[in-house]
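The values are calculated or read from the model by the stated rules, or taken from the named source; none is laboratory data. Just so you know, these numbers come straight off a predicted model, no measurement behind them. In this analysis, Cβ positions are derived from the backbone assuming ideal geometry, glycine residues included, and neighbour counts consider all displayed protein chains. Note: accessible area is taken over every heavy atom of the protein model, side chains too, but ligands, DNA and RNA are not part of it. Shrake-Rupley method; radii C 1.70, N 1.55, O 1.52, S 1.80 Å.
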Number of protein chains: 2
Amino acid sequence: MTSSPTATTPGRRIVVVGGVAGGMSAAARARRLDETASIVVLEQSEYVSFANCGLPYHLSGEIESRDALLLHTPQSLRAALALDVRTGSRVTAIDRAARTVTVTHADGTYELPYDALLLAPGAVAVRPPVEGLDHPAVHALRTIPDLDALTARVAALPADGPRRAVVVGAGFIGLEAVEALAARGLEVALVELADHVLPPLDAELAPLLADELRAHGVALHLGVSASAVTSTDDGAALVTLSDGTRLPADVVVVNVGVRPASDLARDAGLELGARGAIKVDADQRTSDPYVWAVGDAVEVTQAVTGDTGPVPLAGPANRQGRRAADAMLGRRTTPQAPVLGTAIVRVFGLTAAVTGASQATLARAGVEHETVRIHAGHHAGYFPGAEQVHLVASFAPDGRLLGAQAVGREGVDKRIDVLATALRAGMTADDLAELELAYAPPYGAAKDPVNMLGFVAQNVLDGTMPQWTVAEVDAVMASHLVLDVRSRAEFAGGHLEGALNVPHTELRDRLDEVRDAADGRPVAVHCASGVRAHIATRVVLAAGLDARNLSGGWISLVTTRPDLTRTR
Amino acid sequence: MTSSPTATTPGRRIVVVGGVAGGMSAAARARRLDETASIVVLEQSEYVSFANCGLPYHLSGEIESRDALLLHTPQSLRAALALDVRTGSRVTAIDRAARTVTVTHADGTYELPYDALLLAPGAVAVRPPVEGLDHPAVHALRTIPDLDALTARVAALPADGPRRAVVVGAGFIGLEAVEALAARGLEVALVELADHVLPPLDAELAPLLADELRAHGVALHLGVSASAVTSTDDGAALVTLSDGTRLPADVVVVNVGVRPASDLARDAGLELGARGAIKVDADQRTSDPYVWAVGDAVEVTQAVTGDTGPVPLAGPANRQGRRAADAMLGRRTTPQAPVLGTAIVRVFGLTAAVTGASQATLARAGVEHETVRIHAGHHAGYFPGAEQVHLVASFAPDGRLLGAQAVGREGVDKRIDVLATALRAGMTADDLAELELAYAPPYGAAKDPVNMLGFVAQNVLDGTMPQWTVAEVDAVMASHLVLDVRSRAEFAGGHLEGALNVPHTELRDRLDEVRDAADGRPVAVHCASGVRAHIATRVVLAAGLDARNLSGGWISLVTTRPDLTRTR
């Protein structure tokens, strides 16, 4: 808390700019804390408090009713919370000296005074440098009008004619759009500039999503950008990619990211951060003591790296709104936590989720770390229906958790939420090993995958289990004996060229054979997931040889390097 | 770590007594750490490393293959881990001075020397004071032979004759047995001495399970015990209860709890705790520096209350085994965490889970606390299929989380795991409010139920939202104006006698009416779950009246006090 002014007199005038997530959370909390305040919410669109995260699911038809997305109306907000919600009302200027905002709406322009101003302007879509984005087939998917237009376009497509979509941008919303359009029976092509889908996910897990997309008929164009949208002879769009590919499309959805809608704040002279987001303190207060800001437009601090910038996520926006209201009204505020960037997406039958720093982020930030990988059942393996959760987590040399990512069909959200909680608490590999999670066969395992991550990280960090990684495979194959300790049948189904197959159950009796084959070279052990090879690595080390275990085993290897598989 | 001896010379002799969960975890970890050790596992039964938590699910048929429960055999453990596993081998004595154990097996008795001894004897079923427990219909469900006998008994019942089961004890395994027997087509009666099913669950949530059990045809006999098992004329069992009820039964399953199997340790003069469990230090070492102990037989410290006693849970047992192996072999050990008692059970379509201290435990221990309740969708309400998670959590006056419980159809395991992690980290209501959990419509909400728990607890603890509870309802009805702010339709469907119905959307315009009706009395506000009544309570407080919000609202009220509902 600061000593700056708060609007603490009865009848104080609170003005909120932006009536979705963060803005509406702030307005509602302010009302619950102060029955006497005048609270005006100014929203430039016609919709407040709509479920923006739900838009793709109405496009798909999974959320049947459009009304379900409209959580509140100005009328319902007046009735429940005595809020004065004004839609179609754009704030064009802030006079900080006079403490007024200029509001433009269909009937004209007026000045509105405030004692406390909250800015929740959100973000605006980045417009990529693509020619022809004004083509009528091109759509966005961020607002109710976007959704209406896109839904109408899809509905107007002939049932028996071509139904082709191109989605540009394979981020969270892009992937949701892909699934929705596929659910509507469109053939979908997905274009992504990065070399893998869902760029916040590390490259090693992304192929799992790519396979799932392809299995549902989605054509992937990775590492390329859209360069132009033109028209075909029959009026459809033709999307030309940077590699020359031309994709005819009846619908094009562009979603290449957002930037903070901070023009109003900038024009008012409020301090912005390097990436154009509004700077705020721990109470969400801007550089003007009478102005607060929340949501996609504000600068936050990233946990782990300490980087600053905007993060367009609904959860933090809502909590910032609540905190801003508390601060505005002079209440005790909760300590603002750095943003972990926890996020999740469904991609057909798969779920992908992330929290904290990715390996790429850690590498960019120069943060020393060890990354471990497991492929564990989402519940006890002896209980029917166990699905593999592919988990990757990074730890500092002192054992502190830095970030985690997961992909799988079941139980992914639970593990990422547990890891997000652990990350927030500053937990270490030791702490993960000791977590006491709920176990009965339908739900988990006596050693939950999160415990297993802790165990593996302990073994890696204290040197019990030296590991090698898929990224090193070419160098390893050139300089090591690769010892594949899977069964003969698994080996026959695919293995690395030159690998020696000694099933782990035979290893103690065949150590001489391993020693001869190694011929002085270090031994690169692997099994399917890392469990059997852990035992084997310990056996080989005890025999006096240099040995390491492949992190994530064969499953991790074939995910990213299927080219290396030999079945001879 | 202590300065006591560890078996640190090559070829050290490790003897493990008990070859399931904790014992086998220790043996496997010891081998992975030390290839040179001689490791002997002595198991009195014919089975090692079986999935004891899976037994009810094979009885039900959900786990089809009995072999699926047998995770390892002595042969597979020899092959993979070079363990010398001896089944049918009972340890009858420990000579601590000579460092030997006496082993009895079918072929005779022998002495086995050790450098380090690990005791993992588990627990034995408590035999309740019921006459006639030797009746052939009476079964337990703790071991593979128990399962085989029970499965055979059920299979032998005539398909067209009476198929009646009585389950004595409604704890975790008792409830799983009920579901399994019902799945086999038996009519099941459940007998529990406590006044509600699943005694570790607080009484206020248990009726949800009771309703689910009844909905699946299970007859409940609560607050009574079985006093005798006799035979009917046709050879079935007749279970007589303490209230005189007589229940004919073709199968009786008795599961009224376990006690530590600590006789061997006691006879050897090892220190036991007050409840008969083996005392161990943070490294799982007993009062003898050459003897370690893990699992159901050892004393642990309960988090929150600091109580000590045994806790029969697979997760802690496995981790203790790993820690004991580390300690035995002189490795760095992870700090032993107090036990939270996290546990979960499926009861037909419902899940119930607990972590930390229950309200009853806190009351017994005299720990000051506030308990809050929410009924929140397991994912965004606008996304189809949202199921209510009934969450109860207790907090210390300083905001520290003390325990949580949940019941619901979906998403219960995830919330309890997050709360178990938060509890382990010492998190507060503020911390829960700030948790950054994964949100997309199919998985959660921008304000996850766990965040909501934090928000509500903040409001209760800082006085923003004074609350009243269902436990006070009789006194409140006698002394307060009950203000029901639900809609007219909800009110018509059931309400408290004498309640004034003012929908929350009309409250600000009808405050005079409330003031008149209150006539100087405090106002007890409620809605369905507590959300609308929170707003209403703030409005009434702002009007200068004394007001409190019913914790958990009408949903919590009718769960425990359906007798109070009026529809006139």
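Computed values, structure above
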| quantity | calculated |
| --- | --- |
| Cα principal axis extents for the stretch A:138-256, largest first, Å | 40, 30, 26 |
| Inter-copy label distances at A:Leu133 (7 Å, Cα→Cβ; nm, one decimal) | 7.6 |
| Dipole of the stretch B:349-461, positive direction: furthest Cα of B:Ala429, B:Ala353, B:Gly403, with charges on the beta-carbon | B:Ala353 |
| Hydrodynamic radius of the stretch A:467-566 per Kirkwood, over alpha carbon pairs, in Å | 12.9 |
| Length-normalised contact order of chain B in % [C-alpha pairs under 8 Å, at least 6 apart] | 11 |
| Average beta carbon contacts from partner chains per residue of B:379-392, 10 Å cutoff | 3 |
| For the stretch A:138-256, share of DSSP beta bridges that run antiparallel, in % to the nearest 5 | 40 |
| Part-to-part distance (alpha-carbon centres) for the stretch A:137-206 and the stretch A:480-556, which is given in Å | 44 |
| Hydrodynamic radius of chain A per Kirkwood, over alpha carbon pairs, in Å | 26.2 |
| Percent antiparallel among DSSP beta bridges (both partners in chain A, rounded to 5) | 55 |
| Principal axis dimensions, largest first and in whole angstrom, of the stretch A:232-284 by Cα | 54, 22, 18 |
| Whole-percent carbon and sulfur share, accessible surface of the stretch B:50-157, 1.4 Å | 52 |
| Count of lysine pairs in the protein assembly as shown with Cα separation under 28 Å (8 or more residues apart, or interchain) | 7 |
| Hz values of 3J(HN,Hα) by residue in the stretch A:57-63 - Karplus curve (6.51, -1.76, 1.60), Gly and Pro given as x | 7, 7, 4, 6, x, 5, 8 |
| Protection proxy ranking of B:20-32, A:190-202 - average other beta-carbon atoms within 10 Å, highest first | B:20-32, A:190-202 |
| Amide H contacts under 5 Å for B:Thr428, placed H, 5+ residues apart | B:Leu401 |
| Mean separation of Cα contacts under 8 Å, 6 or more apart, over the residue count of the stretch A:349-461: relative contact order % | 30 |
| Histogram of C-alpha separations across the stretch A:386-471, 10 Å bin width, % | 17, 52, 28, 3 |
| Number of partner chain Cβ atoms within 10 Å, mean per residue of B:420-427 | 6 |
| Integer Hz, Karplus 6.51/-1.76/1.60 couplings in order for the stretch A:332-345, x for Gly and Pro | 4, 10, 7, x, 6, 8, x, 7, 7, x, 4, 8, 8, 8 |
| Fraction of beta bridges assigned by DSSP in the protein assembly as shown that are antiparallel (%, nearest 5) | 55 |
| Accessible area buried, both sides summed, chains A and B with 1.4 Å probe, Å² | 7300 |
| Shielding by partners, peptide B:295-308 (average Cβ within 10 angstrom, other chains) | 0 |
| Other copies of A:Ala492: label-to-label distances in nm, shortest first, labels 7 Å along the beta-carbon direction | 7.3 |
| Relative packing of B:92-104, B:300-312, which averages over residues the other C-beta atoms within 10 Å, highest first | B:300-312, B:92-104 |
| Heavy-atom surface of the protein assembly as shown, accessible at 1.4 Å and reported per residue (Å²) | 36 |
| Shortest-first distances to equivalent copies, position A:Ala183, nm, label 7 Å out along Cβ | 3.1 |
| Relative contact order, percent, the stretch B:99-165 [alpha-carbon distance under 8 Å, six or more residues apart] | 15 |
